Amino acid sequence: MRVHVVSDVHGNSRDLTVAGDGADALVCLGDLVLFLDYADHSRGIFPDLFGVAHADALVELRTARRFEEARELGRRLWAELDASGRSREAVIEGAVRKQYAELFAAFPTPTYATYGNVDMPRLWPEYAGPGTTVLDGQRVEIGGRVFGFVGGGLTTPMRTPFEISDEEFAAKIEAVGEVDVLCTHIPPDVPELCYDTVARRFERGSGALLDAIRTTRPRYSLFGHVHQPLARRMRIGRTECVNVGHFNATGTPYVLTW
């Protein structure tokens, strides 16, 4: 069996169309939407709406962890958009729908996918075709191995669309139970796996996921979320923990064979 795994696609539909080439299945660990590209501030929903200069400013503030100033900039820009008579919810949803139409069309058959923290889960049923299975807090067998999927991110000052409480995330981890491959969008709560060397900050990892790795001992824990991690892989007991990569930047899936 050969399974290709991607995460943090962030609008890269071009490479997604060939991500499953040569594989028996594709696994996607979320973050399909591109709201703002930290490497290229001209790409994404935010600069399309407000311009590159404002995108530069927002990235600078967030990178410096000046979150309240970043939120104030966002509030001012969105207020100006609202004053123009355009609904921010409608504008964002329209942009996300356009991206989802391209991205879900690029998925091969079969694809098994879960949500990232910037995704809008309520829209996925409209775009996921018969060859795409969406899972969250659920299990599926692929080539004789059991894969468990838990989507979303934990609450942060960034306030991205699909952030959930630690308790809700832990309940989904518990529902998945013992599996061979544990697939999540966010990493276990290990400093080396959570620190982004470019953004210069710790992303939130899950303590419940780390506990599950230690107690249920899956063969693999696969995740994304941290785009430039201090460590891309680490062994915890018998479990190989792997950040499958920032697909938006690399265009290359992680390959799992058995």
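The values are calculated or read from the model by the stated rules, or taken from the named source; none is laboratory data. A quick note: this is a predicted structure, and the numbers were derived from the prediction, not measured. Cβ sites come from the backbone with ideal geometry, for glycine too, and all protein chains shown count toward neighbours. When the accessible area is computed, the model is the full protein with side chains, heavy atoms only, and any ligands, DNA or RNA have been set aside. Shrake-Rupley method; radii C 1.70, N 1.55, O 1.52, S 1.80 Å.
Computed quantities for the displayed model
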item: The one condition in (1) surrounded by fewer than 19 Cβ atoms within 10 Å (Cβ to Cβ); (2) not aromatic (Phe, Trp, Tyr); (3) not in a helix (DSSP H, G or I) that GLU72 fails to fulfil; result: (3)
item: Cβ-Cβ under 7 Å pairs, at least 6 apart or on other chains, the stretch 61-82 side under 12 Å from PRO157 (Cα atoms), far side of a type in the set (A, V, I, L, M) and open to solvent by 20 Å² or more (accessible area, probe 1.4 Å); result: GLU69/LEU61; ALA70/LEU61
item: Residue in the stretch 178-197 that is assigned to a strand (DSSP E or B), on the phi < 0 side of the Ramachandran plot and open to solvent by 10 Å² or more (accessible area, probe 1.4 Å) present; result: yes
item: Selection count where residues are open to solvent by less than 10 Å² (accessible area, probe 1.4 Å) and either part of a loop (DSSP other than H, G, I, E, B) or not hydrophobic (A, V, I, L, M, F, W, C) (or both), scope the stretch 20-33; result: 5
item: Residue among ARG65, ARG43 that is open to solvent by 60 Å² or more (accessible area, probe 1.4 Å), touching a Gly at 6+ places or on another chain (Cβ under 8 Å), of a type in the set (D, E, K, R) and outside any helix (DSSP H, G or I); result: ARG43
item: Number of the exception - GLU141 against (1) in contact (Cβ under 8 Å) with a residue 24 or more places away in the chain; (2) outside any loop (DSSP other than H, G, I, E, B); (3) not aliphatic (A, V, I, L, M); result: (1)
item: Candidates THR114, THR132, THR160 - the one that is in contact with a strand residue (DSSP E or B) (Cβ under 8 Å, 6 or more places away or on another chain), within 27 Å of GLU69 (Cβ to Cβ) and surrounded by 16 or more Cβ atoms within 10 Å (Cβ to Cβ); result: THR160
item: The stretch 216-249 - residue that is assigned to a helix (DSSP H, G or I) and in contact (Cβ under 8 Å) with a residue 60 or more places away in the chain and, of those, most open to solvent (accessible area, probe 1.4 Å); result: ALA249
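Here is a yes/no grid of residues against (1) among the hydroxyl-bearing types (Ser, Thr, Tyr); (2) under 28 Å from LEU222 (Cβ atoms); (3) at pLDDT 95 or above; (4) touching an Asp or Glu at 6+ places or on another chain (Cβ under 6 Å):
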| site | (1), (2), (3), (4) |
| --- | --- |
| MET1 | no, yes, yes, yes |
| VAL6 | no, yes, yes, no |
| LEU16 | no, yes, yes, no |
| GLY22 | no, yes, yes, no |
| VAL27 | no, yes, yes, no |
| SER42 | yes, no, no, no |
| ALA64 | no, no, no, no |
| SER87 | yes, no, no, no |
| PRO108 | no, yes, yes, no |
